Amino acid sequence: MKASAIANANIALVKYWGKRNKELMLPQTGSVSMTTDGLQSHTTVEFDLKYPEDILVVNGKEYNKGDEEYDDYVGKFLSVVREITGNQTRCKIVSNNNFPTAAGLASSAAGFAALATAVNEALGMGLDKEQLSMLARRGSGSATRSIHSGFVEWHKGEEDDGSDCMAKQLFTPEHWPEFRMVIAVTTKNDKKIKSRAGMAKTVENCPYYSVWRDEIVPRDIVTIKKAIAERDFRTLGETAELNCLKMHATAMTTNPPIIYWNAGTIDIMHAVMDWRDEGMQCYFTIDGGPQVKILCLEKDALEIANRVKQFPNVEDIIITKPGKGAMVTDEHIF
Ligand code: DP6
């Protein structure tokens, strides 16, 4: 009952920001993302009677019952797995990310997509890709999208029990191989407010939330799907950048306010807009953290990376493209 899996982080082009059911992890809206190439989480899980309690080790750090990472995330996820399978055996999970954890680089998406894939294999659950995306969702909403490769849509579903809430692939990575994201890491520190808490507060009291949910996201999903289908970079970039700003506008106008950006984030946002004015094809998107993801095409990616390198507050730069979905691997970490 041991298995390992690898999954990549995904970056939303139309963001998920808010749940309608916290226990079942059902979102208020749909969302659209790109699964990245190489921003990966490698996870091994072993269910065995030799473990009196679950053991979780992420990037070399152990978490136990009583730690937020275990109680609110992995512990809850394992309860769901035990409810579905009826198997109460405890397990050891070791997971390594090759990118900054919990700083707006979707580490929970890669982590839970890998964990769901490994658990499915270890316990012989026999789930297909769409069922796997539903299982991954119970760990972290955005993880539902990392099960698939390339461009992905998470359908919010209509049912109260979440039975139609899953991610489906829109296009494989080969559909748009020139698409790139240049990620500027402006800090490797953990963020203060996790997306989960930030979006819950936003749903609770942002005065503009209903506009985001009922008007902006449904419209942006239609626009961005068409732009991806037609490889229309300009429409995609404009829609994704504005969608990101509108998401952050809801967070900022929540009480107490949630501001994920630091000085480096804002410097790069201005630079991207200036470069665009000069004729460069580039747009930005930002998640629940201070990192900036610059959307561009292969022909400009290195030039953009070189320009971003000049900023004193940029600690790291990662260039990524449409990548693979979650998969089982024979390589066990322990
Ligand atoms: C801003 O998936 O991390 O990255 O479902 O509570 O685990 P939980 O939240 P999470 O939120 C991601 C929010 C986002 C936008 C997105 O990825 O769509």
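The values are calculated or read from the model by the stated rules, or taken from the named source; none is laboratory data. Just so it is clear, the structure is predicted and the values come from calculations on it, not from any experiment. Backbone-built Cβ (ideal geometry, glycine too); neighbour counts: all protein chains shown. Heavy atoms of the whole protein, side chains included, go into the accessibility calculation; ligands, DNA and RNA do not. Shrake-Rupley method; radii C 1.70, N 1.55, O 1.52, S 1.80 Å.
Rounded to the nearest 10 degrees, what's the angle between the helix 263-277 long axis and the longest principal axis of the chain, both from Cα atoms, 0 to 90?
50 degrees
Which length gain, in nm to one decimal place, applies between I317 and D67 when the Cα-Cα distance is subtracted from 0.36 nm times their residue separation?
86.9 nm
When the helix-only estimate is applied to the chain (DSSP H runs of n ≥ 4, each -39,500 (n - 2.57), divided by the residue count), what is the mean residue ellipticity at 222 nm, nearest 500 deg cm²/dmol?
For the chain, the value works out to -10500 deg cm²/dmol.
How much length is gained if the chain between S163 and T253 is pulled fully straight, taking 0.36 nm per residue apart and subtracting their Cα-Cα distance, in nm to one decimal?
Once the chain is fully extended between S163 and T253, it gains 29.1 nm.
Over all directions, how big on average is the projection of the convex hull of the alpha-carbon atoms in the range 165-270, in square nanometres?
8.3 nm²
Would you mind checking the tilt of helix 298-309 against the longest principal axis of the Cα atoms of the chain, expressed as 0 to 90 degrees and rounded to 10?
90 degrees
Tally Lys and Arg at +1 and Asp and Glu at -1 over the other residues with C-beta under 14 Å from the C-beta of T36: what net charge comes out? Write out the running numbers ahead of the final one.
Details: positive: R145, R180, K293, K321, K324; negative: D37, D287.
With Lys, Arg at +1 and Asp, Glu at -1, the neighbours total +3.
Hey, if you put +1 on the Cβ of every Lys and Arg and -1 on every Asp and Glu Cβ in the chain, which of M273, F233, M252 ends up farthest toward the positive end of that dipole?
M252
Measure nothing fancy, just the Cα-based angle from helix 217-229's long axis to the longest principal axis of the chain, in degrees from 0 to 90, nearest 10.
With rounding to tens, the tilt is 80 degrees.
Which whole-angstrom value gives the distance between the alpha carbon centres of the range 50-81 and the range 228-279?
Result: 35 Å between the Cα centres.
Is there a quick way to get the dipole size of the range 179-320? I mean about its Cα centre, with the Cβ of Lys and Arg at +1 and of Asp and Glu at -1; what is the value in debye to the nearest 20?
It comes to approximately 440 debye.
Need one word for the range 206-314: rounded, prolate or oblate. Basis is the Cα gyration tensor (sqrt eigenvalues a ≥ b ≥ c); a/c below 1.5 gives rounded, then a/b vs b/c decides.
Taking the square roots of the gyration eigenvalues as a ≥ b ≥ c, the range 206-314 is oblate.
Please express the Cα-Cα pair-distance distribution P(r) of the chain as a list of whole percents, one per 20 Å bin, running from 0 to the bin with the greatest distance.
Spelled out per bin, shortest first, that is 34, 59, 8, 0.
Test of understanding: in a Gaussian network model of the chain with alpha carbons linked when under 10 Å, which of F311, F77, F99 would top the mean-square fluctuation ranking?
F311
Which is farthest toward the positive dipole end of the chain among S195, C165, Q310, measuring Cα position about the Cα centre, with Cβ charges +1 (Lys, Arg) and -1 (Asp, Glu)?
In the chain, that residue is S195.
Roughly speaking, what % of Cα-Cα pairs in the range 2-173 are separated by over 19 Å, rounded to a whole number?
More than 19 Å apart: 51 percent of the Cα pairs in the range 2-173.
Taking the Cβ of A3 as the center, what net charge do the other residues with Cβ under 13 Å away carry, scoring Lys and Arg +1 and Asp and Glu -1?
Its environment carries a net charge of -3.
Roughly speaking, to the nearest percent, how much of the chain's 1.4 Å accessible area is carbon and sulfur?
Summing carbon and sulfur atoms, their accessible area is 49 percent of the total for the chain.
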